[in-house]
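Asker: Handing you a structure now.
The values are calculated or read from the model by the stated rules, or taken from the named source; none is laboratory data. Given the structure is predicted, the values throughout are model-derived calculations rather than measurements. Here Cβ is always computed from backbone atoms with ideal geometry, including for glycine, and neighbour counts include all displayed protein chains. Surface accessibility is based on the protein's heavy atoms, side chains included, excluding ligands, DNA and RNA. Shrake-Rupley method; radii C 1.70, N 1.55, O 1.52, S 1.80 Å.
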Amino acid sequence: MIRLFGILIGLFFAVMALWAFGTGLGTVISDGQLKEATAEHEFHLHPRDAELASDGAFGKWDLAQLQRGFQVYKEVCSACHSLKFVAFRDLAALGYSEAEVKAIAAGFQVPGVDPNTGEATTRPGLPTDYFPSPYPNAVAAAAANNNAIPPDLSLMTKARHDGSNYVYSLLTGYRNVDTFSIDGKKVKEEFPEFATPPNTHFNPYFANLNIAMAPPLTADGQVTYAEGQPAPTVDQMARDVAAFLTWTAEPKKVKRTQVGWPVLGFLLFATILAWMAKNQVWAAIKPKKAKVVQG
Amino acid sequence: MSFPWAQQYQPVNPFMRWMDEKLPLPRLVYNAIGGGYPVPRNLNYMWNFGVLAGFCLVLQIVTGIVLAMHYASNATVAFASTEHIMRDVNWGWMLRYAHANGASAFFAVIYLHIFRGFFYSSYKAPREMVWLLGVTIFLLMMATGFMGYVLPWGQMSFWGAKVITGLFGAIPVVGEPIQIWLLGGYAPDNAALNRFFSLHYLLPFVIAGAVILHIWALHLTGSSNPTGVEVKGESDTIPFHPYYTAKDGFGLGVFLLIYCAVLFFGPNMFGHPDNYIEANPLSTPAHIVPEWYFWPFYAILRAFTVDLHIPFTSIVIIEAKLLGVLAMFSAILLWFFLPWLDKGPVRSGHYRPLFRKFFWFGLIPAMLVLFWCGGAPAEEPYVMLSQIATAYYFLHFLVVLPIVSMIERPEPLPYSITEAVLGEDKDAVLGENAEPVGV
């Protein structure tokens, strides 16, 4: 009885699934294609490698680069983007001294309360404070940016596929939509309908190719790096800020891989021992041609 | 416990003798996973996954309890408290990665455990109850895993919760009230997050209880084995300890190597980048996908794109969405009926030539296709592929398996487990003169 019911139910679902398949196949045949080709699909580029020191299983932080990246964030990105999960005290990990951290924190105004009147006010930041948002709230952020709210950058490199390389590629990826081509195919010729709406900017590394953010790094030397640092080209600044945001997204990234190696080493050793122990235990009853030896 | 020749627990130490009289807990352990549990001598490495699953459950409970000490289940701060764990809690990053990837490891191990059961027909009599409890554990795990993924309150958490609870909305008439009741509101919010956290903390202990029943039921019949031939005598078995504790110890080492490689070198490879964006009810992600371990069933859900209607009319009997929901739940619930769908007397796939072909060239490819399509966007060719695989999935369990078990002519079985291991004893008359193997 169960088998009879089972067969009927099984046939029902199979027929319905194949019916849906047939309908889908009909659509594909009448359309003559599996799915509609879109500019977003054909002209989207995968991120280019930012070649950061923290990449890979043996990665290390390049503290000088992180400090340069922080400088780019502070002088360029922080005008619009918050960094709300990072506290000033965290910056000590970039190699800043206690006094330097205090000075950096004091350079930011954070929300506070007037000790005399209890009214909301601002005060200079302390190392325990978190990076303040450039806007009082989301409505203000949208109003100031043509309704596109600048996302928080704390986790940006983890919140996008291949995030570190993505940030680097996006910042250096603005192109002229009229001349942009891949393998000699121009986006404007392949998709005449494709347009970059007002207040958006063509960038093939962005998911739908049109990003609301205007190119933030536009000229070499936009940020003045300290003596002895690489020349602040757009490419270098993009790389540096990508490195910095890799750190903000996962400050424990390098520690993680550094802990990982000894753990794997220990486990490998323990597993080999377990393998040998298992063989020793089982040797007594290993199948042999003749009678089994007593254990 | 299960066989008369099982070794007896004989405490020597006076304290242990006293303990054995007052509360024979050591005896229980000895009989469950010690020398007192005789196990078939021919188990292969596919029999390691039960112990590994138990290890994963303990790992999840231990890491989860510590995470709960730092997590705040309030929609306004849940995401921030998760980041607090990642940044400020001592070794919090490791705990959270261990827990998130522990869920993946748990499901990976359980899927291998279940497919071991499919191939060797472990569900067949006399182990039906072991199987039923196992499927129950799997369902509890799915509920726990789903609710755990909601807790960080990222974009996938929120939209996953919305999609999954929305499934109940497909039920005619009462669907919408049920969905609102489940969520405690019209959309996932604080009420939903709080109850999910409460249940996410509760269910693992329910699982632990079900695991105890699962093992209890197993010990009444004893473990199955790759030949599917039941234990006939003492020479067929060896004590669980030291033989299988040693073998499981090695298996655990290999498991931990893979698990730690992911944990320390690619902890986000099974996650979705969107879940590092805080939940935003106003912004729908481009592709809402659940965690990888739900992909096969998610593919089945999405495979039903056509309403059941009377052809050439617009009279709808069952809407496509409801069909998908019914199919998805049926896809798992039908496992409960396997012991009665597959009535073939032979258990092991090694001796079932026809069953084996359908298993390797039907079920496994269909599952892999469903897995692949479930994680892909809902567009062609993935939808069409998942429709074919879905059709096969239901045909396999509900049509092919019952029919195969009726018409199949199994290959000759070895006389006993001992014979399968040591080869036929030509000098001996079958079944006689066979000396028990000393252990």
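Asker: Would you list, by chain and number, the lysines whose Cα falls below 18 Å from the Cα of B:K247, excluding same-chain residues fewer than 8 positions away?
Answerer: A:K278, A:K286
Asker: May I ask you to list the residues of segment A:177-212 whose amide nitrogen lies under 20 Å from a point 7 Å from Cα along the Cα→beta-carbon direction of B:S283?
Answerer: Under 20 Å, as judged by backbone N against the label point of B:S283, lie A:197-212 of segment A:177-212.
Asker: So, one more: Hey, which lysines would be in cross-link range of B:K343, C-alpha to C-alpha under 17 Å, not counting anything within fewer than 8 residues on its own chain?
Answerer: B:K124
Asker: Using the heavy atoms of the protein chains and a 1.4 angstrom probe, tell me the accessible area per residue for the protein assembly as shown in square angstrom.
Answerer: On the way: 35170 Å² over 734 residues.
With the other protein chains kept in place, the protein assembly as shown gives 48 Å² per residue.
Asker: Determine the share of the protein assembly as shown's accessible area contributed by carbon and sulfur atoms, expressed in whole percent, with a 1.4 angstrom probe.
Answerer: Numbers: 22980 of 35170 Å².
Using a 1.4 Å probe with all protein chains present, the protein assembly as shown comes out at 65 percent carbon and sulfur.
Asker: Please give the FRET efficiency for A:H161 paired with A:L8, using the beta carbon to beta carbon distance and R0 = 41 Å, rounded to the nearest 0.05.
Answerer: Details: r = 45 Å, r/R0 = 1.09.
According to the calculation, E is roughly 0.40.
Asker: I'd like the distance separating the alpha-carbon centroids of segment B:301-365 and segment B:376-408, in whole Å.
Answerer: 6
Asker: Hey, what does the equivalent ellipsoid look like for segment B:67-186, semi-axes from the Cα gyration tensor as sqrt of 5 times each eigenvalue, largest first, whole Å? Spell out each step's value before the answer.
Answerer: On the way: eigenvalues 192, 119, 19 Å².
Computed over segment B:67-186, the values are 31, 24, 10 Å.
Asker: Sequence gap at least 6, Cα distance under 8 Å: using those rules, report the relative contact order of segment A:151-242 to the nearest whole percent.
Answerer: 26
Asker: To make sure I understand the rule: partners must be lysines, Cα under 28 Å from the Cα of A:K253, and not fewer than 8 residues away in the same chain. Which ones qualify?
Answerer: A:K253 reaches A:K60, A:K74, A:K84, A:K102, A:K158.
Asker: Given the protein chains as shown and a 1.4 Å probe, how many square angstrom of B:H241 are accessible, to the nearest 10?
Answerer: 100
Asker: How much of A:S181 can a 1.4 Å solvent probe reach, expressed as accessible area in Å² and rounded to 10?
Answerer: 50
Asker: A follow-up question, please. For B:V62, tell me the accessible area in Å² from a 1.4 Å probe, rounded to the nearest 10.
Answerer: 80
Asker: Among the helices of chain B (complete DSSP H runs), which have Cα atoms covering no less than 24 Å along the helix axis and a Kyte-Doolittle mean of at least 1.6?
Answerer: On the way: long enough: B:49-68 (27 Å, 2.36); B:92-119 (40 Å, 0.76); B:128-150 (34 Å, 1.70); B:190-221 (47 Å, 1.22); B:245-265 (29 Å, 1.66).
Helices passing the filter in chain B: B:49-68, B:128-150, B:245-265.
Asker: Leaving ligands and nucleic acids out of the surface, order B:I180, A:I9 by accessible area at 1.4 Å, largest first. Could you put the intermediate results ahead of the total?
Answerer: On the way: B:I180 55, A:I9 80 Å².
If we order B:I180, A:I9 from most to least accessible, we get A:I9, B:I180.
Asker: Starting from the Cα of B:H70, step 7 Å along the direction of its Cβ; do the same at B:A208; then give the gap between the two resulting points in nm.
Answerer: 2.2
Asker: Say each of A:T233 and A:A207 gets a label point 7 Å from the Cα, pointing the same way as Cα to Cβ; how far apart are those two points in nm?
Answerer: 3.2
Asker: Going by amide H atoms built from the backbone, whose H comes under 5 Å of the H on A:R123, apart from near neighbours?
Answerer: Counting only residues 5 or more places away or on other chains, the set is A:V110, A:G112.
Asker: How big is chain B by Rg and Dmax over its Cα atoms, in Å?
Answerer: Over chain B's Cα set, Rg and Dmax evaluate to 24.5, 83 Å.
Asker: As a test of the formula, what do you get for chain B when each DSSP H run with n ≥ 4 contributes -39,500 (n - 2.57) and the sum is divided by the residue count, at 222 nm and rounded to the nearest 500 deg cm²/dmol?
Answerer: Details: 18 runs with 246 residues, N = 439.
One gets -18000 deg cm²/dmol as the mean residue ellipticity at 222 nm.
Asker: Moving on to the next point. Could you give the distance between the Cα centres of segment B:82-138 and segment A:46-87, to the whole Å?
Answerer: Taking the Cα centre of each part, segment B:82-138 and segment A:46-87 sit 36 Å apart.
Asker: Just to verify a number: FRET efficiency for B:L28 and A:L63, C-beta to C-beta distance, R0 = 35 Å, to 0.05?
Answerer: Result of the calculation: an efficiency of 0.05.
Asker: Can you run the Rg to Rh ratio on segment B:32-288? Use alpha carbon positions and the Kirkwood inverse-distance Rh.
Answerer: On the way: Rg = 20.7 Å, Rh = 20.1 Å.
Dividing the radius of gyration by the Kirkwood radius yields 1.03.
Asker: Another question, if that's okay. Please identify the DSSP H helices in chain A that span no less than 30 Å along the helix axis (Cα) and have a mean Kyte-Doolittle hydropathy of 0.0 or more. Don't skip to the answer; put the middle values down first.
Answerer: Values: long enough: A:2-31 (43 Å, 1.69); A:253-283 (44 Å, 0.58).
What comes out of the filter, once short or polar helices are dropped, is A:2-31, A:253-283.
Asker: Given a Förster distance of 25 angstrom, what is the FRET efficiency for A:H46 paired with B:A261, based on the Cβ-Cβ distance and rounded to 0.05? Don't skip to the end; give the middle numbers.
Answerer: Values: r = 25 Å, r/R0 = 1.00.
For A:H46 and B:A261, the calculated efficiency is 0.50.
Asker: For chain A, take every pair of Cα atoms, bin their distances at 10 Å starting from 0, and report each bin as a whole percent.
Answerer: The calculated distribution, bin by bin, is 5, 18, 21, 16, 13, 12, 8, 4, 1, 0.
Asker: Hey, another quick one. Hey, in the GNM for chain B with a 10 angstrom Cα cutoff, which one of B:L151, B:L422, B:L199 fluctuates hardest?
Answerer: Maximum fluctuation in the GNM of chain B, among the listed residues, is at B:L422.
Asker: Same structure, new question: Is the shape of the protein assembly as shown rounded, prolate or oblate, going by the alpha carbon gyration tensor and its root eigenvalues a ≥ b ≥ c, with a/c under 1.5 for rounded and a/b larger than b/c for prolate? Before the final figure, lay out the partial values.
Answerer: Working: a/c = 2.16, a/b = 1.53, b/c = 1.42.
Taking the square roots of the gyration eigenvalues as a ≥ b ≥ c, the protein assembly as shown is prolate.
Asker: Under the rule that an exposed site lies in a DSSP loop and has at most 11 other Cβ atoms within 10 Å, name the longest stretch of chain A with no trypsin sites (Lys or Arg not before Pro) of that kind, not counting the sites themselves. Let's see the in-between values first.
Answerer: Values: sites that count: A:K288, A:K289, A:K291.
The segment A:1-287 is the longest one with no such site.
Asker: On to the next question. Mind checking segment B:176-279 for chymotrypsin sites (Phe, Trp or Tyr not before Pro) that DSSP puts in a loop (not H, G, I, E or B) and that have at most 13 other Cβ atoms within 10 Å? List each step's numbers first, then the result.
Answerer: On the way: sites: B:W181, B:Y186, B:F196, B:F197, B:Y201, B:F205, B:W216, B:F240, B:Y243, B:Y244, B:F250, B:F255, B:Y259, B:F264, B:F265, B:F270, B:Y276; in loops: B:Y186, B:F270.
Here the sparse-neighbourhood loop sites are B:Y186.
Asker: Report, please, the projected area of segment B:301-408 averaged over directions, based on the convex hull of its C-alpha atoms, in nm². Provide the component values of the computation, followed by the final result.
Answerer: On the way: hull surface 32.3 nm².
With every direction weighted equally, the projected area is 8.1 nm².
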